[in-house]
1. When the C-alpha atoms of the stretch A:1-101 are aligned to their principal axes, what extent does each axis show, in angstrom, from largest down?
2. What FRET efficiency would be calculated for the residue pair residue A:280, residue A:514, taking the C-beta separation as r and a Förster radius of 51 Å, to the nearest 0.05?
3. What is the Cα centroid distance between the stretch A:81-159 and the stretch A:324-366, reported in whole angstrom?
4. Normalised by the residues of the stretch A:810-883, what does the relative contact order come to in percent, with Cα pairs under 8 Å and at least six apart?
5. May I ask you to give the average projected area over all directions of the convex hull of the Cα atoms of the stretch A:766-883, in nm² rounded to one decimal?
6. In terms of the ratio Rg/(2.2 N^0.38 Å) built on C-alpha atoms, what value belongs to the stretch A:86-158?
7. Could you calculate the contour length gain from residue A:415 to residue A:445, that is, 0.36 nm times the residue separation minus the distance between their Cα atoms, to one decimal place in nm?
8. What whole-number distance in Å separates the alpha-carbon centres of the stretch A:804-819 and the stretch B:116-133?
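Rule-based calculations on the coordinates, nothing more; no lab input. What you are looking at is a predicted structure, and each value in this text was computed from that prediction instead of being measured. Neighbour counts run over all protein chains shown; Cβ positions are idealised from the backbone, glycine included.
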Amino acid sequence: MGSRLRDMIRSIRACKTAAEERSVVAKECALLRNAFKDNDQDYRHRNVAKLMFIHMLGYPTHFGQMECIKLIAAGSFPEKRIGYLGLMLLLDERQEVLMLVTNSLKNDLGHTNQFIVGLGLCALGNICTAEMARDLAPEVEKLLQSNNSYIRKKAALCSVRIVRKVPDLVEYLTVPATGLLTDKHHGVLVAGVKLCTELCQSNELALEHFRKHVSTMVRVLKNLVVSGYAPEYDVSGITDPFLQIRLLRLLRLLGNGDADVSDAMSDVLAQVATNTESNKNAGNAILYECVQTIMAVEAIGGLRVLAINILGRFLANRDNNIRYVALNTLVKVVSVDTQAVQRHRTTIVECVKDSDISIRRRALELVCALVNENNVKVLTKELVEYLKVSDPDFKGDLTARIAGLVQKFAPNKQWYIDQMILLMVEAGKYVTNEVIRSLVVVISNANDLQGYVVRTLYRVFQAWDGQESLGQVTVWCIGEYGEFLINSANELEGEDPLTVAESDAVDVVESVLKDSRVTPTTVAFALTALLKLSTRLPTCADRIKNLILEHKGSLVLELQQRAIEFGSILTKHSELKATLLERMPVLDEATYSAKNEMGVDGQQTAAAVASESDANGHLKQPNGIGKQPAATANLMDLLSFTDEQPSTSSNSSGNALLDLLGNGPLDGSNSLTSSAKHSAGGADMLLDLLSLDGPAPPTSAPTSTAAAPLAGLLDVDPLGNIPLGNLSLSGGTPKGPPAVVDPFANLTSTAMLASVPSPDPAPGFPTIVAMQTSGLKISFDFTKPADSPKTTIIKAFYSNLSSNPYTDFVFQAAVPKFMQLQLEPATSGILPANSTNSVTQLIRLTNNMHGQKALVMKLRVSYKANGNNVLEQGQVNNFPAGL
Amino acid sequence: MIHFVLLISRQGKVRLTKWYSPYTQKERTKVIRELSGMILSRGPKLCNFLEWRGLKVVYKRYASLYFCMCVDTDDNELETLEIIHHFVEILDRYFGNVCELDLIFNFHKAYYILDEVLIAGELQETSKKSVARVIAAQDTLIEHAKEQSSSLSNIIAQATK
């Protein structure tokens, strides 16, 4: 038999912890299950009530569903009442069990007791399915004409649900619904008007039908407005605001697009608009609905003015709710009557600064709808002002909106660029890549403004605070147009003269380069800019070279690669520099905007490129630090601006490279070969530079078989693709023919070795063999810098003991948490056959528990021998003591 | 239309839920968690509307309880507030100065009242008195049935003695 409902609730509420509550509920559920199994009829209604409480707490209660159905089938009102409640609470319309109640419902709808009929209608109205709606529609239709108002109103709302579920029943219900409009009882009227509205919304014929009855509705509404105090329906001095609102809404549907009908209702609309008290929420709710109706129907001008004035009053109201609905309505009104809304512009702009996010959103939307060519300057100024003080979670939204407005309505390019710079200063981190891109496109097209832009950016940059976007654009502009900084070319009228030394320009780029807040993407921008500056600012060439070379050891592959490539361009190929580092060709605005319109598509492409380049090992790093495929993809995009087809990532990276070096027409998805051939200067130069039309004999590489990581970049296969894609830090070799050898190999390997202290084996530490298998031997030499006892520099020597060369050689190491590991790139990814110590790699180890714990290391080596992938692992325990 | 009605206590406990649009059990839990987080954290001076998943949530706080109704974006928010108030006043009259505990221990009665105010997510009755009358009539009906059954069980008990 079990406890009473009240006792169960008490015991659950007495629980102090969630676990305790769970156990009490589990116990109750077990009792309930037993009771249900025993088919306990006396307490069934109580048990279902308990189950509902448990359900409300969020526990599963599906096992009680059948009990509800049994209760509904029982004869008495108390059981049915709880049964229907359980049905509505525990089930929803998607459960098949619901089918089982159709018959009980049918019986109950024909019951003599009005309350049992009411229960049936309520359940049907709340959870019926389309099938049930179809099956029981005749019963409901009959009940619509019942002489009991309690049943009529419920039947009307039940019909609303039926129409929503089965729209073809509209015709069937139209006539009985019309009858409800003349009802005396307010409950029936409210429900009836709602039903008519629903019918009108779903069927054009019904709409026509109800237009004939507009006078009836107008009369009802008029009576409500002029009637005196009606205690039963009074809400703060207004007679039945709910009914008034529903009538106004129905009138809106009927009047929209029909001048005669609109005319018939204009008197009453004016009456409602002028006579309704606006000091209480109920009154305002009616006015709000009335304004919407006036704006939607074919009203005369005077009425519209009245409506707009009401909105103006709303807008000035101190109640946030009222202001919210005012803004909400004005958004809809803007398209009808912009002039009237413009009058309230200042108030609306104030609302953008409200402390309430709901109001801010509405206001921002409205402001954006208000902006046109004439007021864009004023409004943008306001918005940017506000941007400075708005809270962070709103800035993103606001920035995007401002950028959109500026882009759309800018009167001229200079203003556009000024605003964008301002935006980047105020909300740099919220400015999206797309926005930066379009800005760069505009700058590149505005020949006469480039000098102005670069000087403005230089000025603004003096107060730089780590804003990513500002850093990127500034650095890009200085890279492209750096000379304008120095020689003040293209000076605009009224521009303040600016004297900048060549070193100052480099300072700017250096500060970005060295800032800890910026992402590798921005650093990559800075490196490219430096490279370009090397020709534009010849006096700083040495400094630039040093700055670039500092990044040769960067852990981010992209940066390391750039640094090394750029370094070799600067040192080895100064005669080509001028052509290579020409200004970028003007970016085509039309192509760009077309690409922009593709929108989502383009982003997917970028993502695809990113994931592909990742798969190709483009950014793979043995120690797994800072993988940033997305950033790189953006970068490529930013640099390329062509609509390349991302069929292969190497293709697009090749494109990026060509662009980066500023050559060749950007004629899109054509193969690179053709673009290279078409372009007279740069691309040929590039091929020349690399002197690789196919497998070519090495010209300048002294170690003929060693292919450095850079090989991939310079390996141009006969198709003209430049597979930048397959590079990996510690020497993944490209798939190209092994005979192709990188002319830079020597340079890079020596450069890398030079970047760390020369590792002469220290006398104290003997060389150990870290790993030896049948075909591979790895030995370690140790050095310790004098000043830091914690650090150990290991020079690893790799020996190939077999008669097959190993390619794609990758060495990986792992250490316990108290140690730090830094792997320098290996000198090569290829171990020639039968070679001893042919490849070396530096490992820098820091033992934070020096003196307490000895060094330990796990190794993993993978390589390709004879076309097979080999993976070997091992642990090094034989480190000499004292490291 | 009203898609659902929620009563949430100041502590985030659910006191009443009524769903007029189909939501699975999982979605319901998620919606409740999401909304109670958003609503409970809003300051008292802010407006009573929240834009949420393309719908609008209108809420109002009465003592320790938040009454929330989720409506379509083109519905009249001010009127929804009025409906909430209408419901609260009816509860208040029925329980006599209603408090959270009344709604916990008599949750089923709160549901019965709600079912007399709303059907299919639409307002059903604008007269508070009329709702009070029918609820009272139904309660008497229940009392009658109870008395009958208890007298019946007395008779059976006596007969079987």
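1. Computed over the Cα atoms, the extents are 40, 29, 21 Å.
2. About 0.20, to the nearest 0.05.
3. Their Cα centres are 44 Å away from one another.
4. 32 percent
5. 6.9 nm²
6. 1.01
7. 9.3 nm
8. The stretch A:804-819 and the stretch B:116-133 have Cα centres spaced 75 Å from each other.
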